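Novice: What follows is a single structure, and I will ask about it in a moment.
The values are calculated or read from the model by the stated rules, or taken from the named source; none is laboratory data. Worth saying up front: this structure is predicted, and the values here are computed from it rather than measured. Neighbour counts are summed over all protein chains in view; Cβ atoms, including those assigned to glycine, are modelled from backbone coordinates with ideal geometry.
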Amino acid sequence: MTMPKQIRVMLVDDHTVVRSGLGAVLAASDDMSLVGEAGDGEEAIRLCERLQPDVVLMDLLMPKMDGVAATKVIHERWPQVRIIALTSFKEREYVEGVLKVGATSYLLKNVSASELVSAIRHAVSGLPSLSPEAAQVLIQKVNEPSQPGLTDREHDILVLMVEGKSNGEIAERLFVSQSTVKFHVSNILSKLGVTSRTEAVALAVKHHLVN
């Protein structure tokens, strides 16, 4: 991909001081220009439609609409726009969440100015940039055993099964009927590929399917 003479960048962050600092970094780069700023995800989508930037620097935790949701909408509507998640958070749910919906890169806000500029240039060329923390999260994901696709409710019940709770005790804890618990237990056994509660519990413990 041919890099444009001026990389048009849009900033999305609910803190004015952060946007000011990022703007200064862009101003110091001859091949970049700041074309717009947004303080939340909804505003980011509106501006993106009008400005069509090359790169969006996207914060994740913001009012009205967070960065993950905004990234998903922008990527679906304007897939040519590269999105760099720039956040203070390194938790797995954020890293996986925003990369899954279309972000090109994931950086923490302690990144140096030169590293940020380099990441923006790489993004325009379609090349990802990951903070060491984000890379570690993805490595851990690869090394984990595959998950059986349990629903949240099935996971909750599996946790209680590991604790040795009976169907009646699980029903009382979750405020559902025993027949409902029995239905979910049957699904859990099927998804785990086992035939008994004992096998399900052993498999869950062995592969760390529950905390």
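Novice: Report whether or not SER29 is small (Gly, Ala, Ser), surrounded by fewer than 22 Cβ atoms within 10 Å (Cβ to Cβ) and within 19 Å of HIS122 (Cβ to Cβ).
Specialist: Criteria met by SER29.
Novice: Also: Is there any pair with a first residue in the range 113-140 that is under 19 Å from GLN80 (Cα atoms) and a second that is assigned to a loop (DSSP other than H, G, I, E, B) and aliphatic (A, V, I, L, M) whose Cβ atoms are under 8 Å apart and which are 6 or more apart or on different chains, and what are they?
Specialist: Cβ pairs passing all conditions: ALA119/VAL111; ARG121/MET3; VAL124/MET1; VAL124/MET3; SER125/MET1; SER125/MET3; GLY126/MET1.
Novice: Does the range 167-185 contain at least one residue that is small (Gly, Ala, Ser) and under 26 Å from VAL73 (Cβ atoms)?
Specialist: No, the range 167-185 contains no residue that is small (Gly, Ala, Ser) and under 26 Å from VAL73 (Cβ atoms).
Novice: Looking at the range 3-61 only, could you name the residues that are in a loop (DSSP other than H, G, I, E, B) and over 25 Å from the mean Cα position of the chain (by Cα)?
Specialist: Within the range 3-61, MET3, PRO4, LYS5, GLN6, ALA28, SER29, ASP30, ASP31 meet the criteria.
Novice: Kindly check whether there is at least one residue in the range 122-140 that is surrounded by 15 or more Cβ atoms within 10 Å (Cβ to Cβ), more than 30 Å from SER20 (Cα to Cα) and touching a Leu at 6+ places or on another chain (Cβ under 7 Å).
Specialist: no
Novice: If you don't mind, there's one more thing I want to ask. Out of the residues in the range 141-177 that are hydrophobic (A, V, I, L, M, F, W, C) and over 17 Å from LEU189 (Cα atoms), state the one that is modelled with the lowest pLDDT.
Specialist: That would be VAL142.
Novice: Could we say that PHE175 is of a type in the set (A, V, I, L, M, F, W, C) and farther than 16 Å from THR151 by Cα here?
Specialist: yes
Novice: Now a separate question. Do we find a residue being assigned to a helix (DSSP H, G or I) and over 30 Å from GLY67 (Cα atoms) anywhere in the range 141-148?
Specialist: No, every residue in the range 141-148 fails to be assigned to a helix (DSSP H, G or I) and over 30 Å from GLY67 (Cα atoms).
Results for (1) hydroxyl-bearing (Ser, Thr, Tyr); (2) touching a helix residue (DSSP H, G or I) at 6+ places or on another chain (Cβ under 8 Å); (3) part of a helix (DSSP H, G or I), shown as yes or no for each residue.
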residue: HIS75; (1), (2), (3): no, no, yes
residue: PHE89; (1), (2), (3): no, no, no
residue: ALA103; (1), (2), (3): no, yes, no
residue: ILE139; (1), (2), (3): no, no, yes
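Novice: Can you tell which of VAL111, VAL201 is surrounded by 12 or more Cβ atoms within 10 Å (Cβ to Cβ), modelled with pLDDT of 90 or more and not in a loop (DSSP other than H, G, I, E, B)?
Specialist: VAL201
Novice: Oh, and also: What pairs come up if the first residue lies in the range 153-171 and is farther than 18 Å from VAL205 by Cβ, the second is of a type in the set (Gly, Ala, Ser), and their beta carbons are under 8 Å apart, counting only those six or more places apart or on different chains?
Specialist: What qualifies is ALA171/SER177.
Novice: Let me ask something else. Which numbered condition in (1) surrounded by fewer than 19 Cβ atoms within 10 Å (Cβ to Cβ); (2) of a type in the set (A, V, I, L, M); (3) assigned to a helix (DSSP H, G or I) is the only one that VAL95 fails?
Specialist: It is condition (1) that VAL95 fails.
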